[in-house]
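**Q** Sharing a structure, written as structure tokens. Questions coming.
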Amino acid sequence: MTKLPTSLQKLINELGSLPGIGPKTAQRLAFYLLKEDNIDLNNLSDSISRVKEGIVFCSTCHNMGESDPCHTCTDSKRDKSLICVVEEPLDAQAIDKSGQFNGVFHVLGGVLNPLEGIGPENLEVESLIERTKNQDPRIKEIIIATNPSLEGETTAMHLSKVIKQSNTKIKITRIARGLPMGGDLEYADDITLMRAMEGRREY
């Protein structure tokens, strides 16, 4: 059996460890990088190695940014009375791209999953409660936009309960069923996200 060069096999192994990339895809990517002359591997390598250096997590919304607080939280054109709660930064980006939301975000950093030992204390739930309770009296509505999965629904129900306990004046809504059960926000198209946002309901 022909053995691949060690450096190439190591690249295939590293690419294959990324989510959503299987062994065959990793192999194709590695061979593509090897054969293509118009790809600057030094720039690619440098970008990958420095990706974490210029990124900070906002202490208010926990989204990724280049400063703390992030651009979204400091943007005077944003409607600070609306907070959209999402699982991950990519979900916030997907909703922002839809053009149907001009409020601010709160990134949980995941969802409740007792089977994997992920409880409220492992997510940015307490900081969300603090935002509703003390820091910003302008908040009028919280839109829960967790993914339409079992874990996402469980998280939405928990958030609704704890927010109502801390502040009964805030309206709590859930994005509408414009998204398929088990789907991910980051892969949804703009029209689907637009309809989901427009059709949100009180939770």
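The values are calculated or read from the model by the stated rules, or taken from the named source; none is laboratory data. Computed from a predicted model, the values in this text were never measured in an experiment. A quick note on method: Cβ atoms are made from the backbone with ideal geometry, for glycine too, and the neighbour counts reach across all protein chains shown.
**Q** Picking from E87, E130, E126, E121, which residue would you name as being within 21 Å of S59 (Cα to Cα), crowded, with 16+ Cβ neighbours inside 10 Å and either of a type in the set (D, E, K, R) or modelled with pLDDT of 95 or more (or both)?
**A** Working: E130 fails: crowded, with 16+ Cβ neighbours inside 10 Å; E126 fails: crowded, with 16+ Cβ neighbours inside 10 Å; E121 fails: crowded, with 16+ Cβ neighbours inside 10 Å.
Just one listed residue meets the conditions, E87.
**Q** Restricting to the range 146-200, name every residue that is over 19 Å from E130 (Cα atoms), out of contact with any strand residue (DSSP E or B) (no Cβ under 6 Å at 6 or more places or on another chain) and basic (K, R). Let's see the steps before the verdict.
**A** Quick first cut of the range 146-200, residues over 19 Å from E130 (Cα atoms) only: 146-154, 174-200.
Among the residues that remain, those that are also out of contact with any strand residue (DSSP E or B) (no Cβ under 6 Å at 6 or more places or on another chain) are: 146-150, 152-154, 175-199.
The answer is R177, R195.
**Q** While we're on this one: Looking at I139, I163, I172, can you tell me which residue is assigned to a strand (DSSP E or B) and either out of contact with any helix residue (DSSP H, G or I) (no Cβ under 8 Å at 6 or more places or on another chain) or surrounded by 17 or more Cβ atoms within 10 Å (Cβ to Cβ) (or both)? Walk me through how you get there before you give the answer.
**A** Details: I139 fails: assigned to a strand (DSSP E or B); I163 fails: assigned to a strand (DSSP E or B).
Result of the check over I139, I163, I172: I172.
**Q** Enumerate the helices (runs of 4 or more DSSP H) found wholly within the range 4-83, keeping only those where 1 or more residues are among the hydrophobic types (A, V, I, L, M, F, W, C) and surrounded by 12 or more Cβ atoms within 10 Å (Cβ to Cβ). Step through it out loud before you land on a result.
**A** Numbers: elements: 6-16, 23-35, 41-49, 71-74.
Ranges flagged: 6-16, 23-35, 71-74.
**Q** Something else: Among (1) within 13 Å of the chain's Cα centre (by Cα); (2) under 17 Å from R174 (Cα atoms), there is one condition L82 misses while meeting the rest; what is its number?
**A** (1)
**Q** Restricting to the range 186-203, what's the tally of residues that are assigned to a loop (DSSP other than H, G, I, E, B) and without any contact (Cβ under 8 Å) to a residue 60 or more places away in the chain?
**A** Result for the range 186-203: 4.
**Q** Which one of the conditions (1) surrounded by 14 or more Cβ atoms within 10 Å (Cβ to Cβ); (2) modelled with pLDDT of 90 or more; (3) in a loop (DSSP other than H, G, I, E, B) does G183 fail to meet, given that it meets all the rest?
**A** G183 satisfies every listed condition except (2).
**Q** Considering E88, E66, which residue is in contact (Cβ under 8 Å) with a residue 40 or more places away in the chain and among the acidic types (D, E)?
**A** Checking each option against the conditions leaves just E88.
**Q** Without any contact (Cβ under 8 Å) to a residue 60 or more places away in the chain, in contact with a strand residue (DSSP E or B) (Cβ under 6 Å, 6 or more places away or on another chain), surrounded by 12 or more Cβ atoms within 10 Å (Cβ to Cβ) and not in a helix (DSSP H, G or I) - does that describe any residue in the range 92-103?
**A** Among the residues of the range 92-103, at least one is without any contact (Cβ under 8 Å) to a residue 60 or more places away in the chain, in contact with a strand residue (DSSP E or B) (Cβ under 6 Å, 6 or more places away or on another chain), surrounded by 12 or more Cβ atoms within 10 Å (Cβ to Cβ) and not in a helix (DSSP H, G or I), which makes the answer yes.
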